[in-house]
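Student: One structure, pasted below without further comment.
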Amino acid sequence: MPSRKNASNAISSLRTPVPSPTMNHYSAQLPLVSNVHWKRPPEICNSPHLFVDGMSAHDLNQGQLGNCWFVAACSCLASRETLWQKVIPNWKEQEWAVDRPNNYAGIFHFCFWRFGEWVDVVIDDRLPTVNGQLIYCHSNSKNEFWSALVEKAYAKLAGCYESLDGGNTADALVDFTGGVSEPIDLIQGNFATVEEQRLQLFDKLLKVHSREGLISCSIRVTSAAEMEVRLNSGLVKGHAYAVTDVRKVRLGHGLLAYFKADKLFMIRMRNPWGQKEWNGAWSDNSQEWKQVSKGERESMGVTVRDDGEFWMSFDDFCKHFTDLVVCRVMNTSFFSFHKTWEEAMVKGAWTRHEDPLKNRAGGCINNRDTFLQNPQYVFDVKKDMDEVLMCLQQKDIRYTRQQGKGEKLSMGFEVYRVELNRNYRMHTIQQKVASSVYINSKTIFLRKELPQGRYVIIPTTFEPGITGEFLLRVFTDVPANFKELTLNEPPRTCWSGLCGHPQVVTQVHVIAASGLAQQDGTTGADPYVIIRCGREKVRSPIHKDTVNPEFNVKGIFYRKDAKTPIRIEIWNNNVFNDQFLGQVTFLADPSDLQPHHTLHLRDKGNRQDNDLPGTINLNISSSNELASI
């Protein structure tokens, strides 16, 4: 299997080069801790509690484990009650009951989202200590234990504590929420230098934060020597920070501040160490805070303690940090004032087989002979334009890696626009509309605006012949009819002998039309095209105010007789009765080796001497081999 570096070099000529891994935090060799004693909370303090004065980001401090990525994710989680109550279900029943000490059994129950489902993890309350002190994640309050217990449960899920030494914040955020994590490269996006893009990013983060999303950030390192190096600014490289607030801050004092337009875009972060903060503008003791009223400072929770939490202007943030992870908690509720998403989710696998028609481990597009042997999934975009979120995830291999069995697969996916009536697997490369990076990450994310139509998404490993399981999630604004394409061609049934079986497959691609008759005064027409073959038809979306529409619509037809004609009609959409604008008819014989045609429109009689205004441009492909298009 290729390394991430090799995968990047190999595909650079095919797609955008793979960016540097974001939000991966690795530590040096985990130091051996001696004299470890596993103790129960009542043996560590007199009055143990799951929570002391509620739950907050200040409850967390990283211990002797290189898991700042995990602690930063916990800090994000702590600020979202609806989210942490999923991770710590029935917390009131799990809390120590002072008046019912006999009810305490030393057992705790947690839930994490793994590979498409919430997984229950049950642990006992024994925690590793040295000299009576917790050595890993712990709270500022000696008698508060939720953070230490969540860490132990997560370590159990991963295999052991050592498995948490180095990891990815995005993975933990998804495990806590079941959401979708999007990495954002602040350098590649030019957010520090391009104001318009910076403002758009701030509005995006503000929206995510206001809708219960989680955000983390870091400063990228280029070598192991830079890991956790503290900069002159007070920030730490290669270290995961939790974003705990995003807001527009009023400048000024008194009532005048409420009417002034002066607002500063601000972002608040927390260092999982519980100390070592930003020391520049808007840091705890900076003079800039004099521009903000006392009431505004109090509402923001501004403190002057070295507690690891600090504010920055968003301009400075984009200058100093290099990477963001934005975890959206996807809203699928119908009873919501905010945008809701339709989620389609499927578990699949890359599997090997000697028969090319059954092989499902074809590798990436570099391997053109086998690429289309991968699993294929079809979905529809039903709006004129729709924002589609696509997320490919592989199984977490931390536990198997401890046993020397597994490594993360280099993987990605391609998206193609196909025929509107495609129901069988693709056998030729069609119009590519989107492509993810290929990288050995647990999760690959892509956001894309797509026009109305039908699409096929093909998840692949980088190299052919590699096996593994994956989870594919697609989010759209309306239901997308998402499903796997499993059949290569129409199957033979008991009726095939009586009614006949398809002998020819034909793909019709209506590219465009030009010079159509005007129907709506000076605005032209509102044309659409219908492709007919026997009883089957494909209809395109309506194109507004044009006599030269770019249809770019395809249909695929499995014909029992090559002599069955195909007819293409163009109509003008009207409130009452649609007007016929012309048609063309052809046989699409497999022996015709000329794929491209420009034909004059004719009336319904289809006579040579009865042309109507306009021509139509087509690509036609036919074959006697049904599994060829």
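Student: Pick out, from region 245-345, the helices (runs of 4 or more DSSP H) lying fully within it that include 2 or more residues that are modelled with pLDDT of 80 or more, on the phi < 0 side of the Ramachandran plot and surrounded by 17 or more Cβ atoms within 10 Å (Cβ to Cβ).
Tutor: Where helices (runs of 4 or more DSSP H) fall fully within region 245-345 and carry at least 2 residues being modelled with pLDDT of 80 or more, on the phi < 0 side of the Ramachandran plot and surrounded by 17 or more Cβ atoms within 10 Å (Cβ to Cβ), they are 314-320.
Student: Against the condition surrounded by fewer than 19 Cβ atoms within 10 Å (Cβ to Cβ), part of a strand (DSSP E or B), modelled with pLDDT of 95 or more and within 36 Å of the chain's Cα centre (by Cα), how does Q452 come out, does it pass?
Tutor: yes
Student: Are there any pairs with C-beta distances below 9 angstrom linking a residue in region 258-269 that is farther than 27 Å from H320 by Cα to a residue that is at pLDDT 60 or above and part of a loop (DSSP other than H, G, I, E, B), with the two at least 6 apart or on different chains, and if so which?
Tutor: K260/L251
Student: Pairs please, first residue from region 411-437 and assigned to a loop (DSSP other than H, G, I, E, B) and at pLDDT below 95, second anywhere and aliphatic (A, V, I, L, M) and surrounded by fewer than 17 Cβ atoms within 10 Å (Cβ to Cβ), Cβ atoms under 9 Å, 6+ apart in sequence or on different chains.
Tutor: As it stands, the answer is none, since no pair meets every condition given.
Residues checked against (1) among the small types (G, A, S); (2) closer than 27 Å to K560 by Cα; (3) touching a Lys or Arg at 6+ places or on another chain (Cβ under 7 Å):
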residue: I439; (1), (2), (3): no, no, yes
residue: K442; (1), (2), (3): no, no, yes
residue: F445; (1), (2), (3): no, no, no
residue: K448; (1), (2), (3): no, no, no
residue: P464; (1), (2), (3): no, no, no
residue: N481; (1), (2), (3): no, no, no
residue: N488; (1), (2), (3): no, yes, yes
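Student: Do you know which residues across region 38-75 are crowded, with 18+ Cβ neighbours inside 10 Å, part of a loop (DSSP other than H, G, I, E, B) and touching a Gly at 6+ places or on another chain (Cβ under 8 Å)?
Tutor: Result: L60, Q62, G66, N67.
Student: Inspect all residues belonging to region 165-173 and state whether any of them is outside the structural domain of W69 (by TED's automatic domain parsing) and in a loop (DSSP other than H, G, I, E, B).
Tutor: Within region 165-173, none of the residues are outside the structural domain of W69 (by TED's automatic domain parsing) and in a loop (DSSP other than H, G, I, E, B).
Student: Let me ask something additional. Among the residues of region 135-164, which ones are closer than 15 Å to P272 by Cβ and either of a type in the set (A, V, I, L, M, F, W, C) or buried (at least 18 other Cβ atoms within 10 Å of the Cβ) (or both)?
Tutor: Passing the criteria: Y136, C137, H138, S139, S147, A148, V150, E151, Y154, L164.
Student: Does region 569-583 contain any residue that is aromatic (F, W, Y) and in a loop (DSSP other than H, G, I, E, B)?
Tutor: Yes, the conditions are met somewhere in region 569-583.
Student: Could you tell me which numbered condition A562 fails, if it satisfies all but one of (1) on the phi < 0 side of the Ramachandran plot; (2) under 41 Å from the mean Cα position of the chain (by Cα); (3) in a loop (DSSP other than H, G, I, E, B)?
Tutor: In the conditions (1) on the phi < 0 side of the Ramachandran plot; (2) under 41 Å from the mean Cα position of the chain (by Cα); (3) in a loop (DSSP other than H, G, I, E, B), A562 misses (2) alone.
Student: Take region 186-199 and flag every residue that is at pLDDT 95 or above and under 19 Å from the mean Cα position of the chain (by Cα).
Tutor: L186 - this is the single residue of region 186-199 that is at pLDDT 95 or above and under 19 Å from the mean Cα position of the chain (by Cα).
The values are calculated or read from the model by the stated rules, or taken from the named source; none is laboratory data. Keep in mind it's a predicted model, so treat the numbers as computed, not measured. For neighbour counting, all protein chains shown are included, and Cβ atoms are generated from backbone atoms with ideal geometry for every residue, glycine included.
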